[in-house]
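A.B. asks: Sharing a structure below in structure tokens format, with a few things to ask.
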Amino acid sequence: MSLYLIAVALLMCSGVPGLFLRRRGGEVAAGLMSLGALMGLTAAVRVLAGGPVATLVLPPAPLASAGLLTLDPLAALFALPVFLLTACAAVYGIGYWDNHQEHARTLRLVLGLLAASLAFLVVATHALPFLLGWEGMTISAFLLVLTEDRLPEVRRAAWLYLVCTHTGTLALFGAFALLSAATGQWTFSALPLGFAATGRGTALFLLCLFGFGFKAGIMPLHLWLPSTHAAAPSHVSAVMSGVMIKMGILGLVRLLCWIPDPPFWWGAVLMGLGALSGVLGVAFALGQHDLKRLLAYHSIENIGIILLGLGLGVLGKSTGHPVIQVLGFAGALLHVLNHSLFKGLLFLAAGSVIHATGTRDLERMGGLGQRMPWTSGAFLLGSWAISGLPPLNGFVSEWFIYLGSFRTLGLFRWPWSLLVLTALALIGALALACFAKAHGAVFLGAPRSEAAGGAHEAPRSMRVPMGILAAGCALIGLAPMLLAPALDRVVAALGEGTRVQPLAPLAHLPSLSLLALVLLGLAFLLWRWLRPLDPGRTMPTWDCGYAVSSPRMQYTASSFADGLVAGLRWALWPRSRGGKVAGCFPADHPFESHVPDLVLDRITDPAFQSLSMGAVLLRFLQGGKVHIYLLYVLLTLLTLLLWMVA
Amino acid sequence: MSPDLLIALTILSNFVLVATSRVNKAIQIAVVQGILLGLIPLAMGLGRHPHILLMVAATIAVKGWLIPFLLRRALREVHIPREVDPYVGYTVSLMLCALGTGLSLILAHMLPLKGGTKEILLVPAALSTLFTGFLMLVSRRKALTQVVGYLILENGIYLFGLLLVEDMPLLVETGILLDLFVGVFVMGIVINHIRTAFDSTDTRHLAELRD
Amino acid sequence: MSLPSLTVSTQWVLHLLTLLLLPPLIPGLINKVKAVMAGRSGPPVLQLYYDLAKLARKQAVFSRTTTWVFLAGPVGTVAAGLVAGLLVPFGHTGTPLSFEGDVILFAYLFGLARFLTVLSALDTGSSFEGMGAAREVAFSALAEPALFLGFAALAKASSSLSLSTMLLGSGLGSGRMAGPLILVLVGWAIVFLAENARIPVDDPNTHLELTMIHEVMVLDHSGRPFALVLYGASLKLLVLGALLMDPVLPRAPQAWQNWLLFGAGLGALAVAVGLVESMSARFRMTKVPQFLIAGILASAFAFLLLLV
């Protein structure tokens, strides 16, 4: 435990030397963060490999009961992406956001604070440290999003984030109050049997779902995610998307640890929300032409997949099927780790692209694969993993969830398995389409603008973190057996009170690895067979004989996704302007299409607009004169006094 | 000296304050009220507790000397003409103050207070001082006069606190005095800013800041 | 996972040899049937073998817009197809590898092949190939659920998740299974036609912009990569054809009889595809999604019939 706490302290102070150093501040911060991350990872891996659970008891006086920090297997599993991703982001920041950019020192300082709050939050098993860590994380993230505060859309995004996350935190206060009323203490402990079925249990579940759901980005509470991830610097977006939204999932998982007998409908609700978030998330991603908004919507989709797994596990737990329980929970937890790896990789690669071209718009990129080969390779690997294709890690976690849902086929009257299966299949196909679009529009083909034509490869400090994350994806994909014992331990914590089976034989992981190796071997052999007759690339694309082709004639990202967006327009409600050409030789005609966010732009924004217009009617009360306001205070006091005596 | 006498003098000072039209006079009355309030605990027979003696000394020092000193200094620096023009005329203010005092007497009788409070005039005095302070805040235009009104408001709360002074002495005292000091401090800044922004301390101009 | 024993090692070898050598025969057979129906003599049945040998000797030409991703498409298609072929049984002859849940791996291997093909098409930077790629991803988003729902129905019927048990366990024998099985096969037939770019979804002989989906994605390949593309397409025909045939084939007592039945079944499938291609025209592009949704509904109904 002390190792872990030293790691937290190192993370917190990593940005401080940079405040005083003229140069090299980034290197020092990255060095301290990496050192802290190594120590934290060691502590976490030790616990995951079967070491003893470490506990720290904080003095009770200010907390009304003994405060606890516990490094149990669940915390250790969530600590892995925290340390890994924040260290990678710090190293990346050396090249990406050096001292020449605005607010570089503040960025490093607050990034360290964010990392420390996340690491602190993960081990908190008492309401007060949990909420302290939660608030620390929220405020640090807010400050980080505001890095480029000269831009109005950045300010708007940060404000939206702050409002949404604090609304969620309010719900959490209520949830913790309910919890302590039921258990009699503020430390996280198991609830009595039968509590979950009562009205208070339902209230607890709904409050937790609302509060943690805002942070995790479950539809329809996802409204802050796209704009916030697009507005923040890319390595901050990587940390936010890879780690911060997982803290909402951590909260939900901890809730499930406290309840020994969750009712069936909890699992159904989780699965329904998961399917909704997954399918709609990827559908909205298809319509985006801003690279970072696209990646943000994919985070929502992956949270949906994690919820599908959690719902499946709860289904298994509530009906007494340990196999389904193990597969569902293991899939969800592994996907937490996997998503942080490949989403972090994707955001870092996207940051490299934005750094090189200066734009986030997909329609202005193209041909970067020849100019930025390493970044292109990293993005390809990330896309491969996030689409859930073998032999990488995204496939392994979806594999668990598929297996669990196939197992429910014979069991229930309602076809829940059908929902999970169709949702997962649809998500997989749409994610494949979306990342083919993203990778194709950015890296393949010919450059569509001068900015893309003049791009250069990222410096080594930005490539190394991408390499580390890519290696992690490949390792988990090719050798998932390494993680199986750790997952067993965490799932055991979730399934206290029920028999839990070990994971590896259930999921046939050795066969998967074998086939993955066979696949790679075959690919290698075929590649070698293709090599000898390579004459060099000097010809233009034949393309069935097009004589005069220009880069502008290539399929754009929006046209690529157009078929699917049109098919999904009942959910996406895209807006487009122009585009009707007439005559045989039409003149230049502008066309614009856009997929606004359904909840934010069509529901909450108009609702708040009409609310403020209605509030204008009450303007007369606000006279502007101090005396009137004081009169209001006096009248209220009189009313209260009279009411009390009457 | 009977505490009832001091309390009655306090209520009287409220009436005088409301009727005066000059800022200087208002500050003087506030000083008098402060000293009276400082002496009430002694008259209530609580002088045997040493910390209460300390509190009395502090109260008289702050309310009787320090805060009036600051206010007079503000008066000099800002060059306010000594006249005060209220929203509510002086006669009407006087009648409102009398109404407030009467209401306080009735309310104090009906409020569920702790039994055995000897100084039955304390609660009505507190309430009426409170109302007077509010009245001044609401009806006077000059910022300095509003500060005086705020001080009177605090005096009313202080009087309430005297009910609890035996049970929770230190808390009540420090709370009140700190509150007071902060209030005057803030008001000083506000007056300064109003002056620099509008070249006048007429708080009517604050209404221009409205959205 | 079922471990091999020495007595079935010959089955293994036969399976591998069939997987490697048989595929180019199927397009040849289909083309022969189409030619006969059109009154021509047509190319020999072994034509694709000759084509592959010729292409293997030719030099490939690459466009300067492309990168290594251009070659990943053909390589991925063949590699994924071969690994998928290891999982699917050829008739009642057993498979080299079988474990619970291999259906999912099977489906996702084809997804991998599609991903890499689409990327290699986008790599050329041509609007033509981009169009094909866009259509491909849109239609496959509809074909995937049909495939998965069929798997779900068979998994429920056979209470197993392994491909070999699912496909070979439920025969046409039991009356209760007949209805759902036919629906599943109808749905899978639609998926077969869509995935292999056959009429009525896509015309393998056309080069008109209006009608191409799969052909257009591989326009710029030449030489050895093109050989891999053609081989990969025929491999897909074999593997998906095996998937379609297996529930229908009866079980024979001897191994060589099973192999013969498999060959006959595959031949019958090729002839059927040739007949369909000769006798019907290609759908309008807007009707293709409706066709695929019909496939989804067929599979979904099969599943629902098994629920009640």
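The values are calculated or read from the model by the stated rules, or taken from the named source; none is laboratory data. Keep in mind that this is a model prediction, so the values were computed, not measured. Virtual Cβ from ideal backbone geometry, glycine too; neighbours counted across all protein chains shown.
A.B. asks: Among the helices (runs of 4 or more DSSP H) confined wholly to region A:364-442, which include 1 or more residues that are at pLDDT 90 or above, within 10 Å of chain C (Cβ to nearest Cβ) and under 21 Å from the mean Cα position of the chain (by Cα)? Write out each step before concluding.
C.D. replies: Numbers: elements: A:368-371, A:373-386, A:393-407.
Those helices (runs of 4 or more DSSP H) span A:373-386, A:393-407.
To keep it simple, each residue is scored yes or no on (1) of a type in the set (Val, Ile, Thr); (2) closer than 21 Å to C:Ala146 by Cα; (3) modelled with pLDDT under 90.
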residue	(1), (2), (3)
C:Val75	yes, no, no
C:Leu82	no, no, no
C:Gly85	no, yes, no
C:Val88	yes, yes, yes
C:His92	no, no, yes
C:Thr95	yes, no, yes
C:Gly101	no, yes, yes
C:Ala107	no, yes, no
C:Ser120	no, no, no
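A.B. asks: From A:Leu337, A:Leu341, which residue is surrounded by fewer than 24 Cβ atoms within 10 Å (Cβ to Cβ), touching a Pro at 6+ places or on another chain (Cβ under 8 Å) and within 30 Å of A:Phe443 (Cβ to Cβ)?
C.D. replies: Sole residue among the options that is surrounded by fewer than 24 Cβ atoms within 10 Å (Cβ to Cβ), touching a Pro at 6+ places or on another chain (Cβ under 8 Å) and within 30 Å of A:Phe443 (Cβ to Cβ): A:Leu337.
A.B. asks: A follow-up question, please. Of these, A:Leu131, A:Leu193, A:Leu221, A:Leu170, which one is modelled with pLDDT under 90 and more than 17 Å from the chain's Cα centre (by Cα)? Spell out how you get there, then give the answer.
C.D. replies: Working: A:Leu131 fails: modelled with pLDDT under 90; A:Leu221 fails: more than 17 Å from the chain's Cα centre (by Cα); A:Leu170 fails: modelled with pLDDT under 90.
Result of the check over A:Leu131, A:Leu193, A:Leu221, A:Leu170: A:Leu193.
A.B. asks: Could we say that C:Ala272 is farther than 26 Å from C:Gly73 by Cα and within 16 Å of the chain's Cα centre (by Cα) here?
C.D. replies: So C:Ala272 passes the test.
A.B. asks: I've got another one for you. Would you check if C:Arg64 is crowded, with 24+ Cβ neighbours inside 10 Å, at the interface with chain A (Cβ under 8 Å from one of its Cβ atoms) and not hydrophobic (A, V, I, L, M, F, W, C)? Walk me through it before giving the result.
C.D. replies: On the way: crowded, with 24+ Cβ neighbours inside 10 Å: no; at the interface with chain A (Cβ under 8 Å from one of its Cβ atoms): yes; not hydrophobic (A, V, I, L, M, F, W, C): yes.
Considered against the rule, which asks whether it is crowded, with 24+ Cβ neighbours inside 10 Å, at the interface with chain A (Cβ under 8 Å from one of its Cβ atoms) and not hydrophobic (A, V, I, L, M, F, W, C), C:Arg64 comes out as no.
A.B. asks: Kindly evaluate C:Met212 against the criterion of being at pLDDT below 80 and either surrounded by 19 or more Cβ atoms within 10 Å (Cβ to Cβ) or touching a Ser or Thr at 6+ places or on another chain (Cβ under 7 Å) (or both). Please lay out each step first, then the result.
C.D. replies: On the way: at pLDDT below 80: yes; either surrounded by 19 or more Cβ atoms within 10 Å (Cβ to Cβ) or touching a Ser or Thr at 6+ places or on another chain (Cβ under 7 Å) (or both): yes.
The answer is yes for C:Met212.
A.B. asks: May I pose another question? Answer yes if at least one residue in region A:361-376 is free of Cβ contacts under 8 Å to residues at least 12 places away in the same chain and touching a Phe, Trp or Tyr at 6+ places or on another chain (Cβ under 9 Å), and no otherwise.
C.D. replies: yes
A.B. asks: Here is a further query. Return yes when A:Phe608 is more than 24 Å from C:Pro289 (Cβ to Cβ), under 32 Å from the mean Cα position of the chain (by Cα) and not polar (S, T, N, Q) and no when it is not. Reasoning before the result, please.
C.D. replies: Working: more than 24 Å from C:Pro289 (Cβ to Cβ): yes; under 32 Å from the mean Cα position of the chain (by Cα): yes; not polar (S, T, N, Q): yes.
Yes; evaluated as a whole, the condition is true for this residue.
A.B. asks: Scan region C:92-122 for residues that are touching a Leu at 6+ places or on another chain (Cβ under 7 Å), assigned to a helix (DSSP H, G or I) and more than 9 Å from chain A (Cβ to nearest Cβ) and report the count.
C.D. replies: 2
A.B. asks: Checking A:Gly217 against (1) out of contact with any Gly (no Cβ under 7 Å at 6 or more places or on another chain); (2) surrounded by fewer than 19 Cβ atoms within 10 Å (Cβ to Cβ); (3) in contact (Cβ under 8 Å) with a residue 60 or more places away in the chain: exactly one of these is not met. Which one?
C.D. replies: (2)
A.B. asks: Continuing with the same structure: Within region A:23-54, track down each residue that is without any contact (Cβ under 8 Å) to a residue 60 or more places away in the chain and not in a helix (DSSP H, G or I).
C.D. replies: A:Arg24, A:Gly51, A:Pro52, A:Val53, A:Ala54
A.B. asks: Residues being touching a helix residue (DSSP H, G or I) at 6+ places or on another chain (Cβ under 8 Å) and either of a type in the set (Asp, Glu) or under 14 Å from B:Gln146 (Cα atoms) (or both): count how many of those fall in region A:629-643.
C.D. replies: 2
A.B. asks: Quick check on my filter: what residues within region C:234-275 are within 22 Å of C:Leu48 (Cβ to Cβ) and basic (Lys, Arg)?
C.D. replies: Once the filter is applied, which keeps residues that are within 22 Å of C:Leu48 (Cβ to Cβ) and basic (Lys, Arg), region C:234-275 yields only C:Lys236.
A.B. asks: Would it be correct to say that C:Gly125 is more than 15 Å from the chain's Cα centre (by Cα), within 27 Å of C:His15 (Cα to Cα), at the interface with chain A (Cβ under 10 Å from one of its Cβ atoms) and at pLDDT 80 or above? Before you say what the answer is, go through the steps one by one.
C.D. replies: Details: more than 15 Å from the chain's Cα centre (by Cα): yes; within 27 Å of C:His15 (Cα to Cα): no; at the interface with chain A (Cβ under 10 Å from one of its Cβ atoms): yes; at pLDDT 80 or above: yes.
So C:Gly125 does not fit the description; no.
A.B. asks: Looking at region C:133-152, is at least one residue crowded, with 22+ Cβ neighbours inside 10 Å and more than 10 Å from chain A (Cβ to nearest Cβ)?
C.D. replies: Yes, region C:133-152 contains a residue that is crowded, with 22+ Cβ neighbours inside 10 Å and more than 10 Å from chain A (Cβ to nearest Cβ).
A.B. asks: Here is a follow-up. Out of everything in region C:141-156 that is within 19 Å of C:Thr95 (Cβ to Cβ) and of a type in the set (A, V, I, L, M, F, W, C), what residue ends up being nearest to the chain's Cα centre (by Cα)? If you could, list the steps in order and put the result at the bottom.
C.D. replies: Taking region C:141-156 as the starting set, the residues that turn out to be within 19 Å of C:Thr95 (Cβ to Cβ) are C:147, C:150-151, C:154-155.
Still in the running and of a type in the set (A, V, I, L, M, F, W, C): C:147, C:151, C:154-155.
Numbers: C:Leu147: 12, C:Phe151: 15, C:Leu154: 19, C:Ala155: 20 Å.
Once the filter is applied, the top-ranked residue is C:Leu147.
A.B. asks: I would also like to ask the following. Identify, by number, the condition in (1) free of Cβ contacts under 8 Å to residues at least 60 places away in the same chain; (2) within 14 Å of another protein chain (Cβ to nearest Cβ) that A:Leu512 doesn't meet.
C.D. replies: (1)
A.B. asks: Right, another one. Would you check if there is a residue in region C:28-49 being assigned to a helix (DSSP H, G or I) and under 30 Å from A:Ser550 (Cβ atoms)? Break it down stepwise before answering.
C.D. replies: Here is the first cut: in region C:28-49, the ones assigned to a helix (DSSP H, G or I) are C:28-37, C:47-49.
Filter once more, so that each one left must be under 30 Å from A:Ser550 (Cβ atoms): none.
No, the conditions are met nowhere in region C:28-49.
A.B. asks: What number of residues within region A:430-447 are buried (at least 24 other Cβ atoms within 10 Å of the Cβ) and over 16 Å from A:Leu294 (Cα atoms)?
C.D. replies: Initial filter on region A:430-447 (buried (at least 24 other Cβ atoms within 10 Å of the Cβ)): A:430-445.
Now drop any that are not over 16 Å from A:Leu294 (Cα atoms), which leaves A:444-445.
Count: 2.
A.B. asks: Same structure again: Filter region C:219-248 for residues that are within 18 Å of the chain's Cα centre (by Cα) and outside any helix (DSSP H, G or I); which is farthest from the other protein chains (Cβ to nearest Cβ)?
C.D. replies: C:Val248
A.B. asks: Condition first: in contact with a helix residue (DSSP H, G or I) (Cβ under 7 Å, 6 or more places away or on another chain) and either free of Cβ contacts under 8 Å to residues at least 40 places away in the same chain or assigned to a loop (DSSP other than H, G, I, E, B) (or both). Now tell me which residues in region A:103-127 satisfy that.
C.D. replies: A:His103, A:Ser117
A.B. asks: If you go through region C:16-61 one residue at a time, how many are within 20 Å of the chain's Cα centre (by Cα) and within 14 Å of another protein chain (Cβ to nearest Cβ)?
C.D. replies: Selection size over region C:16-61: 4.
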